[in-house]
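I have placed the structure first, in the form of structure tokens, so that the comments after it can refer back to it.
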Amino acid sequence: MKKSVIRKYAQLAVRCGAALKKGQGCVIYAEVEQHEFAELVAEEAYRAGAKWVMLQWSDQVFAKLKYRHETVTQLSQVAEWEKARQQHLVDTLPALIHISSEDPDGLKGVNVEKLQKSSAARGKVFKPYREAMDNKNQWTIIAVPSKKWAKKVFPGERSSAAVEKLWEAILKTVRVTEDNDPVAEWEAHNARLKGHCEKLNALDLDYVHYQAPNGTDFKCWLIPGAQWHGGGDTLPDGTFFNPNMPTEEAFTSPMRGRCEGTLVSTMPLSYQGNLIDKFSVTFENGKAVSCKAEQGQALLERMIALDEGAAMLGELALVPVESPIYQEGILFYNTLFDENAACHVALGRGFNEVVPGFENMSAEELKARGINDSIIHVDFMIGCPELSVTGYTRDGREVKIFENGSWAI
Ligand code: ZN
């Protein structure tokens with residue numbers, strides 16, 4: 001891929017994704033294989049006026065070694081310096097840029113229980129830091145191809161060709177071409193998404209009913225007053241940023257513990273480096289009571305049992321089949337892309353920000369309003385060209401929201 005196009009993408013991530021402010025700090029999270037792209041992002045961050053930039057490296061092969069050789073107790077520990085680093089982020093509120101490039105099979109062979117127990121334990125320690133930054137600083141997740149990831153998506157190609165193809169696919173989904181103005185594209189895209197959200201919010205839905213011939217038949221109740229969001233986010237000081245690039249969804253958090261029926265997955269789920277495929281989850285009284293997976297059954301069962309909220313939903317998202325990711329017709333094996341290919345739900349943590357006035361509510365109040373809480377938030381896809389979603393409003397109207405996999409409002 002041409003360096004000039006890649007630079008354009010790095011610029012988009014800094015200016016449109018993280019919307020870095022002059023004088024703000026910036027943390028870039030990247031795998032060591034992506035050092036060249038991370039350096040470009042760092043350069044663009046300084047150009048945009050960053051006061052300081054920190055690169056935080058990771059390496060999946062090393063992570064696998066750790067999981068193999070360290071005990072669960074050791075893996076679960078969070079060192080004092082790690083807490084101090086998180087506290088530093090809370091104190092300085094930098095813009096966070098996550099560069100995703102993991103090999104979807106990178107943690108294959110790692111003991112699943114070890115992985116989940118230790119990440120749950122660490123997640124608990126990091127949670128208060130994350131919450132302290134919630135809605136206070138900008139963050140964005142973007143992706144660049146690694147060799148192994150590209151080979152997974154395009155197994156028939158040689159590494160270099162696969163990487164090139166994955167670059168092309170990624171840049172298409174984030175609306176970067178050689179001669180366009182991606183920032184203007186993103187503004188128009190955000191305006192469209194916002195339009196759908198405004199219509200949904202005006203409906204004041206009581207519940208939605210999902211139906212598809214694959215077996216999906218699912219009703220889910222919504223939180224009174226909760227909003228549908230889409231596209232970028234706005235901080236209380238008015239800073240507009242794009243947390244996910246790409247993004248195609250209109251989403252909300254449903255009422256915790258109020259859904260019934262079965263959801264059938266339409267795409268594999270890549271979870272913690274492992275695949276869960278061809279599965280369904282059945283809910284009763286708002287909780288997942290059973291699941292069936294052709295691949296990854298044990299992992300799915302453990303995921304759902306991780307904590308109380310892991311069996312409940314934290315997100316409903318609507319994505320039309322016109323999404324450029326769906327149109328690409330490839331499975332990216334990466335949630336950032338695959339979740340933007342199709343309608344999906346997430347098990348686990350909900351989004352506080354969908355409840356107006358959430359800034360002044362305690363965790364207990366938000367839970368009481370219906371926002372689910374969990375250490376996990378895992379999306380899985382249920383969208384397909386046959387999916388219909390019917391909405392039932394609080395004043396008794398029935399409204400077609402999705403028909404044949406696309407917006408009907
Ligand atoms: Zn989503």
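The values are calculated or read from the model by the stated rules, or taken from the named source; none is laboratory data. All of these numbers come straight from a predicted model, not from anything done at the bench. Note that each Cβ is placed from the backbone with ideal geometry, even for glycine, and that neighbours are counted across all protein chains shown. All accessible areas refer to the heavy atoms of the entire protein, side chains included, with ligands and DNA or RNA removed. Shrake-Rupley method; radii C 1.70, N 1.55, O 1.52, S 1.80 Å.
Which of the residues belonging to segment 33-56 are in contact (Cβ under 8 Å) with a residue 60 or more places away in the chain and of a type in the set (A, V, I, L, M)? Steps first, answer last, please.
If we filter segment 33-56 for residues that are in contact (Cβ under 8 Å) with a residue 60 or more places away in the chain, which is where we start, we get 33-34, 37-38.
Listed by number, the list holds a single entry, Ala38.
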Next item on the list: With respect to Ala30, determine if the residue is under 21 Å from the mean Cα position of the chain (by Cα) and either under 21 Å from Thr239 (Cα atoms) or aliphatic (A, V, I, L, M) (or both).
Entry: yes
Next item on the list: Go through segment 256-300 and give me each residue that's out of contact with any Cys (no Cβ under 8 Å at 6 or more places or on another chain), over 23 Å from Leu331 (Cα atoms) and crowded, with 20+ Cβ neighbours inside 10 Å.
Entry: Arg256, Ala288
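Can you go through Gly383, Gly405, Gly391 and tell me which one is within 16 Å of the ligand (Cβ to nearest atom) and touching a residue at least 60 places away in the same chain (Cβ under 8 Å)? Break it down stepwise before answering.
Working: Gly405 fails: within 16 Å of the ligand (Cβ to nearest atom); Gly391 fails: within 16 Å of the ligand (Cβ to nearest atom).
Among Gly383, Gly405, Gly391, only Gly383 is within 16 Å of the ligand (Cβ to nearest atom) and touching a residue at least 60 places away in the same chain (Cβ under 8 Å).
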Check: Among the strands (runs of 3 or more DSSP E) contained in segment 237-306, which hold 1 or more residues that are away from the ligand (no atom under 16 Å from the Cβ) and touching a Ser or Thr at 6+ places or on another chain (Cβ under 7 Å)?
Finding: 254-264, 274-284, 287-295
Check: Looking at segment 307-319, which of its residues are more than 16 Å from the ligand (Cβ to nearest atom) and either open to solvent by 20 Å² or more (accessible area, probe 1.4 Å) or part of a strand (DSSP E or B) (or both)?
Finding: Asp307, Glu308
Notebook entry, point to check: Just checking, which of Gln34, Gln87, Gln24 is loosely packed, with under 15 Cβ neighbours inside 10 Å, modelled with pLDDT of 95 or more and of a type outside the set (Lys, Arg)?
Noted result: Gln87
Check: Say we look at segment 327-364 and pick out the residues that are more than 21 Å from Ser406 (Cβ to Cβ), away from the ligand (no atom under 16 Å from the Cβ) and part of a helix (DSSP H, G or I); which of these is least open to solvent (accessible area, probe 1.4 Å)?
Finding: Phe358
Notebook entry, point to check: Quick check: is even one residue across segment 298-313 more than 24 Å from Ile99 (Cβ to Cβ) and among the basic types (Lys, Arg)?
Noted result: yes
Next item on the list: Only residues in segment 311-323 that are within 13 Å of His344 (Cβ to Cβ) count as the first member; pair them with residues that are of a type in the set (Val, Ile, Thr) and more than 12 Å from the ligand (Cβ to nearest atom), Cβ under 8 angstrom, at least 6 apart or cross-chain, and list the lot.
Entry: Gly314/Ile371; Leu316/Val208; Leu318/Val389; Leu318/Ile401
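Go over the candidates Tyr46, Tyr67 one by one and state the one that is touching a helix residue (DSSP H, G or I) at 6+ places or on another chain (Cβ under 9 Å) and either in the same structural domain as Glu131 (by TED's automatic domain parsing) or modelled with pLDDT under 95 (or both). Working first, answer last.
Working: Tyr46 fails: touching a helix residue (DSSP H, G or I) at 6+ places or on another chain (Cβ under 9 Å).
Going through Tyr46, Tyr67 in turn, the sole match is Tyr67.
Rundown of residues vs (1) free of Cβ contacts under 8 Å to residues at least 60 places away in the same chain; (2) loosely packed, with under 14 Cβ neighbours inside 10 Å, yes/no style:
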residue	(1), (2)
Ser58	yes, no
Phe62	yes, yes
Thr73	yes, yes
Pro104	no, no
Lys124	no, yes
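Which residue, of Leu40, Leu20, Leu75, is of a type in the set (A, V, I, L, M) and within 20 Å of Ser118 (Cα to Cα)? Even if it seems obvious, please write down each step before you answer.
Working: Leu40 fails: within 20 Å of Ser118 (Cα to Cα); Leu20 fails: within 20 Å of Ser118 (Cα to Cα).
None of the others qualify; the one that does is Leu75.
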Notebook entry, point to check: Just one of Leu40, Leu65 is in a helix (DSSP H, G or I) and over 25 Å from Thr140 (Cα atoms); which is it?
Noted result: Leu65
